[in-house]
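Written below as structure tokens is the structure these notes are about.
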Amino acid sequence: MGSKLFLTAHGFEGSHCPIYFPVDYEGLLAHVTSAEFVLQHVVMAINGRVYLYNTEDFTWRAAKGVESMVTEISSYQCCFSEDPSCMAVSSTVLAYNRGDPVSSTRIFFSSDGGYTFTKFTLPSHLKGDVGGVFNMPTLSTLSVLLKNSDDMAYFSYWTSDLNLTSKVFPLKESLAVLSVIQPAGMKGSLVIWTEHSLLFSPNDGQVTRPIAVIGNNEFPGPAVTLHGIATTGSSEIAVLTSDKRLFYGRLSMEPVIVEFKTISDISAGMGMKFNTFGELVVILPVEDPAAGCVDFLHCLIIIQQALMSVTPPLATCPVELMSSEFDQRVYYIDMSQSLQLSAVYVPKASAEIFPLVTVTDPHLLAFQAVLYIDGLTSEGDKKYKLNIVLLQQLITEMADPTFSHSLLKGGISTLTVDVLDKGLTCKDMHPLNAFINVGCPPNKHIKVLRNVTVCSKGQFNQETLQNNFTYTISKKTYDPQYLYRQDSAAEDLRVLYSFVDLQCPLLVYVDNPWLPLLELWEGKTFVEFVPADFVMFEVHGMYNYVYQQSARSAGCVSQPQTWRSMLKTQSRPNPHTAWNRKNYVSCKDPSGPPLTSPELEYEVLKAGSGNMVMFPSYNGFYIFKAIVVDPTYSFCELSVTFSVYVYGAFPEAKFDSPLTLVVFLAIFAGIMLVGFYLPWFLLKRPNP
């Protein structure tokens, strides 16, 4: 409408009144230049600043951290899952000013849905004016659209491990009339349009091409402009031109549209959308000047019916069936794992076209697809089976480090199975999509094998441990700062034992070298005993235990990391975050620092490695946290906290004075003498 903002929760059915902006924020005049749905609210650029409007309680809130004027808001909503990776996509918001040179453009980034922003600057080597900034989750990156002085445009991408830049494409119009649509569905599609051009990219802008128009070589035509565009997550597009023509098409590797309808009138506030049944709805606002509200009139267009009236007639759909169990489902691929999917494809008897398999981020995900005849249908048509195997690109036999994302980087990539030349009449034959999350499966975790506990051996019973049980850690055995310093604690530490979290402690004999055995689980299913490197610390800072191996005996070729060295890198030492899979460097890696202390204790553990923990002459409780640090084992941050009770040590004697010590030593010496001479005396005594 140009001057009023309307919000609907049910597709603009009926009458709506405009949203009112609080006067105390911007005064009487509030100019909205951009608005985006983000989670349960709308983020808007109003008078150059960023505000949030909550769609549930209808309240306004000013965003924090945007330090300069912005005109544009950019966000992309991930709707296929509520797992952390999908929520992270939906919570990403970008605010910027369009049309300025790269050198003077400030971009503000939010990871919490637009509540707070941080500033970052574009790389200095980029040239041109900024046409847009986008989150491209299916390429695991952010990107910026730039236009240079030669009226050519291109996308540049922020990736820490790859140097990606798209191919250039012509863009003669001003950036002020540029619009970029990211259709729903997480397929990496982009629709780039101005008043006189319509472009499409199937891969987040890396390759961009014009959308072809059936029977029309000059589109949109002299003195004709594009008025509006609507898209769907199932790759459909509708285009309305200023001369009242409607076009319908499909977005694929070879995008195409066709004119199929003419409408009676066009107004400034007219819009389009596809409904849940895939039909096109043209929306016409009719304002009531007295009430200040608007009625939105709907014109429903049955697409399949309208396509039948196109001349010359469109070719019939060449596909009988294309189906799979993976369509619209989410799958996880963890480190070094593969995924197998399949689909059924039946072309019409006269058709010689076959499906094409693509992934949105080939730098992340590799695949192999095999299509073969799998019998006949009941009508006698050939039925094909499509088998697809997917795995992380970097671990494939022909992986190129310059093409693949780094080992530690996961991400989301969408698998698509579609038929290129199926035409426009296959209305209900949508592409098959699976969302592949190369990362940590949500139910993967580790446990410690609990084969011998204090409860099973009768050292303690559960009732005792459950009834507010406490124990004391001597000040001589722990460091409250976790830096393994001797005599650093001022007093003994009293600990309340949490039976709910820890259950019965493992039982370990003091003279036996010991290693916890870690188990990998997915949900309630045991997978394997963890064969990877892990580290372990006592959660209260206890340090009275040692490791069996040294750097030399462990076979290190470079200086190994230790808890002391890792904690010293932190301004506030925190063993929960100091050492993990993201910063672990194996001492078996020859590219590490030189081995200067070969007798240093080797603090990395692994089943079967020979390195174990040894306890001193001490009876008591330890609460350990084990952390898997091998970066090649899993994308998951795998850790487990468990308790151990060490027993069998000779009790430590305490003396109040030197006299007490002398008396104790005299008694001890007497006992030792009796123990030595008594057997000899009995042997020498004559038989009665």
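The values are calculated or read from the model by the stated rules, or taken from the named source; none is laboratory data. On a predicted model such as this, the values are computed, not experimentally measured, just so you know. Note: ideal-geometry Cβ built from the backbone for every residue, glycine included; neighbour counts use all protein chains shown. Protein only, heavy atoms only, side chains kept; ligands, DNA and RNA dropped before computing areas. Shrake-Rupley method; radii C 1.70, N 1.55, O 1.52, S 1.80 Å.
Among the residues of segment 21-30, are any open to solvent by 40 Å² or more (accessible area, probe 1.4 Å), within 37 Å of the chain's Cα centre (by Cα) and charged (D, E, K, R)? Within segment 21-30, not a single residue is open to solvent by 40 Å² or more (accessible area, probe 1.4 Å), within 37 Å of the chain's Cα centre (by Cα) and charged (D, E, K, R).
Residues checked against (1) open to solvent by 30 Å² or more (accessible area, probe 1.4 Å); (2) in contact with a Pro (Cβ under 7 Å, 6 or more places away or on another chain); (3) of a type in the set (Lys, Arg); (4) within 30 Å of Met429 (Cβ to Cβ):
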site	(1), (2), (3), (4)
Asp288	yes, no, no, no
Asp295	yes, no, no, no
Leu300	yes, no, no, yes
Gln304	yes, no, no, yes
Leu307	no, no, no, yes
Ala315	yes, no, no, yes
Phe326	no, no, no, yes
Ala343	no, no, no, yes
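Among residues of segment 383-396 that are within 21 Å of Tyr633 (Cβ to Cβ) and open to solvent by less than 30 Å² (accessible area, probe 1.4 Å), those with a beta-carbon under 8 Å from a residue that is assigned to a strand (DSSP E or B) and of a type in the set (Val, Ile, Thr) at least six positions away or on a different chain give the pairs Leu390/Ile333; Leu390/Val359; Leu390/Ile436; Gln392/Ile333; Gln392/Val438. Consider segment 214-228 and keep the residues that are assigned to a strand (DSSP E or B) and more than 23 Å from Met152 (Cβ to Cβ). The one that is most open to solvent (accessible area, probe 1.4 Å) is His227.
Please verify whether Phe260 is out of contact with any helix residue (DSSP H, G or I) (no Cβ under 6 Å at 6 or more places or on another chain) and among the aromatic types (Phe, Trp, Tyr), treating the condition exactly as stated.
no
Scanning segment 303-323 for residues that are farther than 15 Å from Val258 by Cα, in a loop (DSSP other than H, G, I, E, B) and hydrophobic (A, V, I, L, M, F, W, C) turns up just one, Cys317. Of all the numbered requirements in (1) under 28 Å from the mean Cα position of the chain (by Cα); (2) more than 18 Å from Tyr157 (Cβ to Cβ); (3) not charged (D, E, K, R), Pro137 misses one, and that requirement is (2). Tell me whether segment 454-468 contains one or more residues that are part of a loop (DSSP other than H, G, I, E, B), within 26 Å of Ala578 (Cα to Cα) and without any contact (Cβ under 8 Å) to a residue 24 or more places away in the chain. Taking every residue of segment 454-468 in turn, none turns out to be part of a loop (DSSP other than H, G, I, E, B), within 26 Å of Ala578 (Cα to Cα) and without any contact (Cβ under 8 Å) to a residue 24 or more places away in the chain.
Pull up segment 607-628, narrow it to residues that are under 30 Å from the mean Cα position of the chain (by Cα) and surrounded by 17 or more Cβ atoms within 10 Å (Cβ to Cβ), then point me to the one that is nearest to Gln503 (Cα to Cα). Among them, the one singled out is Phe624.
From the residues in segment 587-604 that are without any contact (Cβ under 8 Å) to a residue 40 or more places away in the chain and part of a loop (DSSP other than H, G, I, E, B), which one is surrounded by the fewest Cβ atoms within 10 Å (Cβ to Cβ)?
That would be Ser591.
Scanning segment 247-300 for residues that are of a type in the set (A, V, I, L, M) and within 27 Å of Ser201 (Cα to Cα) turns up Leu251, Met253, Val256, Ile257, Val258, Met270, Met272, Leu280, Val281, Val282. Condition check: over 29 Å from the mean Cα position of the chain (by Cα) and open to solvent by 70 Å² or more (accessible area, probe 1.4 Å). Does Gln559 satisfy that? Criteria not met by Gln559.
The set of residues in segment 31-57 being open to solvent by 80 Å² or more (accessible area, probe 1.4 Å) and in contact with a Phe, Trp or Tyr (Cβ under 9 Å, 6 or more places away or on another chain) consists of Arg49 alone. When Gln570 is tested against the conditions (1) in a loop (DSSP other than H, G, I, E, B); (2) closer than 18 Å to Pro480 by Cα; (3) touching a strand residue (DSSP E or B) at 6+ places or on another chain (Cβ under 7 Å), the lone failure is (3). Among the residues examined, Asn443 qualifies as within 30 Å of Val359 (Cβ to Cβ) and surrounded by fewer than 17 Cβ atoms within 10 Å (Cβ to Cβ).
A single entry from Asp204, Asp243, Asp265 fulfils the requirement of being open to solvent by less than 40 Å² (accessible area, probe 1.4 Å) and outside any strand (DSSP E or B): Asp204. For segment 573-586, the set of residues classified as surrounded by 15 or more Cβ atoms within 10 Å (Cβ to Cβ) and either assigned to a loop (DSSP other than H, G, I, E, B) or of a type in the set (Lys, Arg) (or both) consists of Pro573, Trp579, Asn580, Arg581, Tyr584, Val585, Ser586, listed by residue number. The single condition among (1) in a loop (DSSP other than H, G, I, E, B); (2) more than 22 Å from Cys440 (Cβ to Cβ); (3) among the hydrophobic types (A, V, I, L, M, F, W, C) that Cys78 does not meet is (2).
Scoring Gln182 on the criteria (1) polar (S, T, N, Q); (2) open to solvent by less than 60 Å² (accessible area, probe 1.4 Å); (3) farther than 18 Å from Gly233 by Cβ leaves a single failure, condition (3).
The residues of segment 357-373 that are open to solvent by 70 Å² or more (accessible area, probe 1.4 Å) and not polar (S, T, N, Q), listed by number, are Phe367, Val370, Tyr372, Ile373. A single member of Pro480, Pro516, Pro531 is under 23 Å from Tyr547 (Cβ atoms), open to solvent by less than 20 Å² (accessible area, probe 1.4 Å), not small (Gly, Ala, Ser) and not in a strand (DSSP E or B), and it is Pro516. In this structure, Leu424 qualifies as more than 21 Å from Trp158 (Cβ to Cβ), among the aliphatic types (A, V, I, L, M), in contact (Cβ under 8 Å) with a residue 12 or more places away in the chain and part of a loop (DSSP other than H, G, I, E, B).
When Leu415 is tested against the conditions (1) over 33 Å from the mean Cα position of the chain (by Cα); (2) of a type outside the set (Val, Ile, Thr); (3) assigned to a strand (DSSP E or B); (4) farther than 26 Å from Val640 by Cβ, the lone failure is (1). Of all residues in segment 61-114, those satisfying the criterion of being crowded, with 18+ Cβ neighbours inside 10 Å and hydroxyl-bearing (Ser, Thr, Tyr) are Ser74, Ser75, Tyr76, Ser85, Ser90, Ser91, Thr92, Tyr96, Thr105, Ser110. Over 26 Å from His445 (Cβ atoms) and more than 30 Å from the chain's Cα centre (by Cα) - does that describe any residue in segment 522-541? No, there is no match, as no residue in segment 522-541 is over 26 Å from His445 (Cβ atoms) and more than 30 Å from the chain's Cα centre (by Cα).
Confirm whether Val102 is under 19 Å from Tyr51 (Cβ atoms), without any contact (Cβ under 8 Å) to a residue 60 or more places away in the chain and touching a Gly at 6+ places or on another chain (Cβ under 7 Å). Criteria not met by Val102.
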